[in-house]
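Before any comments, here is the structure.
The values are calculated or read from the model by the stated rules, or taken from the named source; none is laboratory data. None of these values were measured; they are calculated from a predicted model. Virtual Cβ from ideal backbone geometry, glycine too; neighbours counted across all protein chains shown.
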Amino acid sequence: MIIKAKMMHDGKRFQKNVYVEIKGHKIVNVSKSKIKGETIEAEFLTPAFIDAHSHIGMERAGEPSEESESNEQMDSIVTLTNALDSIYMDDKSFEFSIESGILYSCVLPGSGNIIGGKAVIIKNFAKNIKEAYVKDAGIKMAIGYNPRSTTEWKGTRPSTRMGVFALLRKAFREVVIELKKKKPELNPEQEVIRDIIKGKEKLRVHVHKEDDVYAFLKFAKNYNLKFTFEHTMDVYRVEVYRELAKKGISVVYGPLDSFPYKVELKHENWRHVKLLKESGIEFGLMSDHPVIMQYTLPLTLRHFLRTNYSKEEALSILTYKNAKILGLNDLGEIKKGRKASLLIWSGDPFDLSSRVKTVIAEGNIVYEE
């Protein structure tokens with residue numbers, strides 16, 4: 001397959017009149033010179049989009065809410081759960097996502113539990129979870145309002161934010177004490193906490209408010225934890241992000257365009273995306289599907305354009321930046337050796353009349369207008 005693009009965004013910048021050659025599931029050549037063979041003409045070519053945080057396949061379209069599987073209610077700390085076990089690939093939302101060019105999702109357990117289980121990255125275009133699974137993506141943790149709002153669920157449940165941290169301190173302290181013994185005896189749940197403490201597992205920490213950010217930083221310092229902050233939608237001062245950037249902590253931001261339905265979102269404002277740029281922090285972008293529908297995620301890039309991001313920078317967020325923050329080194333760029341997951345557009349992706357005409361997923365056309 002050879003594509004001639006009048007305009008191409010390669011994941012980082014624009015290029016004009018470029019040829020892209022695909023063999024199998026990979027890009028084998030990107031050239032300004034003509035490549036011999038039958039050519040597909042493209043007005044505009046981009047890498048496929050990636051959603052860095054969602055619950056797609058766990059919260060399923062057209063199914064009653066009681067069948068939702070994003071939160072396991074057995075206890076507030078559940079370390080052995082795995083999001084992949086609760087994903088159904090026949091969720092109709094996947095079809096709309098593919099049409100909009102979103103081919104990969106990081107799917108996490110919900111935020112009703114303090115520790116909610118393992119996150120995974122999947123291919124939206126796969127038939128089943130065996131084919132969909134790409135890699136593990138850390139352990140979900142939640143602080144703030146959400147885990148203290150579930151007191152009616154089973155197990156030991158906190159009713160305050162200080163209760164959340166009390167349960168965390170207890171769980172981590174028990175593992176630390178056991179590890180000091182000559183022959184530690186950890187149960188399977190504690191083995192996951194051991195791997196978190198030893199840096200083998202990265203935490204994906206749900207947090208919105210600035211004070212909760214600082215509360216977790218204080219806790220994490222005790223154990224030198226590896227983590228990203230997820231959401232941070234109530235952070236409205238640039239110095240918070242600057243401090244995180246200095247510490248090398250990344251953020252998966254969003255969801256933009258959602259309704260601020262609780263007190264810890266009272267400072268939420270799309271204009272705050274400018275703080276991410278001003279601070280220099282490494283960040284990605286999420287849909288938090290179904291908080292906003294995953295297929296609308298590319299539309300949220302308009303907010304970045306309104307706050308002095310260039311089109312090149314905005315498109316990089318859903319391609320190169322989301323791939324980087326998730327450790328997907330073979331995606332997010334149109335470059336020799338990368339997976340051939342590409343979008344052919346009718347025109348400029350930021351033009352309301354433009355649409356994705358052809359979706360290529362790892363060398364195969366999975367949608368064509």
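Here is how the numbers come out for the structure above:
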read-out: Among the candidates T156, T151, residue that is surrounded by fewer than 20 Cβ atoms within 10 Å (Cβ to Cβ), assigned by TED's automatic domain parsing to the domain that holds K262, among the hydroxyl-bearing types (S, T, Y) and touching a Pro at 6+ places or on another chain (Cβ under 9 Å); value: T151
read-out: Which listed residue is among the hydroxyl-bearing types (S, T, Y), free of Cβ contacts under 8 Å to residues at least 60 places away in the same chain and more than 22 Å from T296 (Cα to Cα), from Y214, Y253, Y261; value: Y214
read-out: Subset of the range 212-232 [among the hydrophobic types (A, V, I, L, M, F, W, C), over 16 Å from R169 (Cα atoms) and surrounded by fewer than 22 Cβ atoms within 10 Å (Cβ to Cβ)]; value: F227
read-out: Answer residue from the range 128-161, given it is in contact with a His (Cβ under 9 Å, 6 or more places away or on another chain) and part of a loop (DSSP other than H, G, I, E, B) and is nearest to D85 (Cα to Cα) among those; value: I143
read-out: Residue that is farthest from Y253 (Cα to Cα), among those in the range 106-122 that are aliphatic (A, V, I, L, M) and part of a loop (DSSP other than H, G, I, E, B); value: I114
read-out: Criterion violated by G117 - all others in (1) on the phi < 0 side of the Ramachandran plot; (2) out of contact with any His (no Cβ under 6 Å at 6 or more places or on another chain) satisfied; value: (1)
read-out: Unmet criterion (only one of (1) crowded, with 19+ Cβ neighbours inside 10 Å; (2) out of contact with any Phe, Trp or Tyr (no Cβ under 8 Å at 6 or more places or on another chain)) for Q294; value: (2)
read-out: Residue within the range 97-105 that is among the hydroxyl-bearing types (S, T, Y), in the same structural domain as R194 (by TED's automatic domain parsing) and farther than 30 Å from I193 by Cα present; value: yes
read-out: Residue in the range 304-324 that is among the aliphatic types (A, V, I, L, M) and in contact with an Asp or Glu (Cβ under 7 Å, 6 or more places away or on another chain) present; value: no
read-out: Filter result (in contact with a strand residue (DSSP E or B) (Cβ under 7 Å, 6 or more places away or on another chain), assigned to a loop (DSSP other than H, G, I, E, B) and of a type in the set (A, V, I, L, M, F, W, C)) within the range 233-270; value: I249
read-out: Single residue of the range 161-190 satisfying the filter (of a type in the set (K, R) and under 28 Å from the mean Cα position of the chain (by Cα)) that is farthest from T151 (Cα to Cα); value: R169
read-out: Strands (runs of 3 or more DSSP E) wholly inside the range 324-368 that include at least 2 residues being exposed (fewer than 14 other Cβ atoms within 10 Å of the Cβ) and either modelled with pLDDT of 95 or more or of a type in the set (A, V, I, L, M) (or both); value: 364-368
read-out: Filter pass, A340 being among the hydrophobic types (A, V, I, L, M, F, W, C) and farther than 28 Å from M233 by Cβ; value: yes
read-out: Those strands (runs of 3 or more DSSP E) lying entirely in the range 1-105 with at least 2 residues surrounded by fewer than 24 Cβ atoms within 10 Å (Cβ to Cβ) and in contact (Cβ under 8 Å) with a residue 24 or more places away in the chain; value: 2-9, 14-23, 26-31, 39-47
read-out: Test set (1) under 19 Å from the mean Cα position of the chain (by Cα); (2) under 29 Å from F14 (Cα atoms) - M233 fails condition number; value: (2)
read-out: Flag for F125 being modelled with pLDDT of 95 or more, closer than 27 Å to I2 by Cα and in a loop (DSSP other than H, G, I, E, B); value: yes
read-out: Criterion (under 30 Å from V366 (Cα atoms) and at pLDDT 95 or above) met by exactly one of K170, K130, K181; value: K130
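A quick yes/no check of all residues on (1) out of contact with any Pro (no Cβ under 9 Å at 6 or more places or on another chain); (2) in contact (Cβ under 8 Å) with a residue 24 or more places away in the chain; (3) outside the structural domain of E41 (by TED's automatic domain parsing):
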site	(1), (2), (3)
R306	yes, yes, yes
E312	yes, yes, yes
L315	no, yes, yes
T319	no, yes, yes
S341	no, yes, no
S353	yes, no, no
T358	yes, yes, no
V366	yes, yes, no
